[in-house]
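FYI, it's all coordinate maths here, none of it is from the lab. Source: prediction; values computed, not measured. Here the Cβ is made from the backbone with ideal geometry for all residues, glycine too, and neighbour counts use every protein chain on show.
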C-alpha cells in the first residue's frame with residue numbers, strides 16, 4: 001500500500017513538472033515595445049535604416065518587437081505631446097530620430113525611461129548627458145558634432161566656387177540651445193575669416209520667413225549660402241533649394257537630403273548610418289544595459305555629395321579633383 005502511494009506521488013509530481021515545462025514552452029516571449037519619434041520629413045530612409053538595423057540584429061516586428069511610430073509632421077512643437085504619449089504607453093525604449101529638440105522633449109517626459117537620441121548636435125551642452133563617455137542619465141545615442149562641421153562645410157563651398165567672397169549663413173534661432181548656437185556661430189566666423197570670406201548671418205524660423213531671409217541675403221550682397229539643417233528646414237528643403245536656384249546662389253547644406261532635392265552640395269555625417277547604428281543601442285538596452293553607461297558615439301562616416309545638374313544650371317564648373325573624392329555625384 002505504501003509502495004503504491006509512493007508510485008502515485010512520483011507519477012503526479014512528474015506530471016506537474018511536465019505540465020509546468022509545457023506551459024513555459026508555450027508561453028509567448030515578451031515582445032519589446034519601442035517608441036520612435038520621427039520629424040515627419042518626406043524622406044523615410046532614416047526610419048527604414050533603423051528598422052533594418054533591428055532586423056540585422058535578429059528582431060522581427062510582430063514577433064519579438066513592436067514599434068510605436070509617431071511623426072511630428074515637420075512641426076517641432078509636436079515633439080513634447082508625442083513623447084508624453086509614448087511614455088504613457090509604457091514603451092521599453094524611446095528612439096528620437098530628429099535631433100536635439102526631440103531628445104529633450106523625451107527627456108522632459110521621463111527621467112527614467114531609456115532614450116536613444118539620433119543626430120543630436122551637442123548632447124553635453126544641451127544637458128542631455130553629463131559627458132560623451134559616461135552619459136550618466138537615461139539618455140544616450142549618436143552625436144553629429146555640428147559646431148566642428150560648420151568649418152568643413154564652408155571649406156567645401158569655397159573649394160567648389162573659389163570666387164565666393166560673401167556667404168550667407170541661414171540659421172533657425174532656437175533650434176539648438178543658446179550655448180550650442182554661440183559655438184556654431186563662433187566656428188563659422190573663424191572658418192569664414194580663414195577662407196577669406198565675409199559671413200552674413202540670416203535668421204528664419206520657418207517657411208514664412210524664407211522670402212524675407214533671401215531678400216536680406218541679396219541686400220547684403222551675399223554670393224553663396226550655407227544652410228545648417230534643422231527639422232523645420234529639412235521639411236521645407238525643396239522650397240529652400242528652389243529659392244537658392246532662383247537667386248543663383250551656390251549653396252552647401254549639412255545633409256545630403258537637400259542635394260537629393262536639387263541642392264548643389266552637402267558635407268556631413270551619414271544620417272542613414274547613424275540611424276542604423278541606433279538599433280544596436282536599443283539591443284543593448286533591451287539586454288539590460290543602462291543608457292547612462294553607454295557612451296555617446298560620434299559619426300564615423302562623413303559624405304560629400306555633389307549635384308552636377310544643379311552646378312550646370314548655375315553655370316558652375318566643379319573642380320575635377322573635388323568630383324573625384326566625392327562620395328556621391330548626382331548627374
For residue 130 and residue 52 in one chain, what is 0.36 nm times their gap in residues minus the Cα-Cα distance, to one decimal in nm?
25.1 nm
Restricting things to alpha carbons, tell me how big the chain is in terms of Rg and Dmax, in Å.
25.2, 108
Describe numerically, in nm with one decimal, the distance between label points set 7 Å from Cα along Cα→Cβ at residue 33 and at residue 322.
5.1 nm
So if R0 is 25 Å, what FRET efficiency would residue 312 and residue 238 give, r being the distance between their Cβ atoms, rounded to the nearest 0.05?
0.85
Residue 84 paired with residue 69, simple spin-label distance in nm, labels 7 Å along Cα-to-beta-carbon
2.5 nm
How would 267, 258 line up from fewest to most surrounding beta-carbon atoms within 10 angstrom?
267, 258
Can you give the relative contact order of the chain as a percent, counting alpha carbon pairs under 8 Å and 6+ residues apart?
19 percent
Using eta = 0.692 mPa s and T = 37 °C, Stokes-Einstein with Kirkwood Rh from Cα pairs puts D for region 213-331, in µm² s⁻¹, at 204 µm²/s
Relative contact order in percent for region 65-188 (Cα pairs under 8 Å, 6+ apart) equals 19 percent
Calculate how steeply helix 45-56 sits against the longest principal axis of the alpha-carbon atoms of the chain, using the helix alpha-carbon long axis, and give the answer as 0 to 90 degrees to the nearest 10.
30 degrees
Say each of residue 245 and residue 219 gets a label point 7 Å from the Cα, pointing the same way as Cα to Cβ; how far apart are those two points in nm?
2.7 nm
How large is log10 I(q)/I(0) at q = 0.15, 0.17, 0.22 Å⁻¹ when the Debye formula is applied to the Cα atoms of region 86-219, each weighted equally and without solvent?
-0.81, -0.94, -1.23
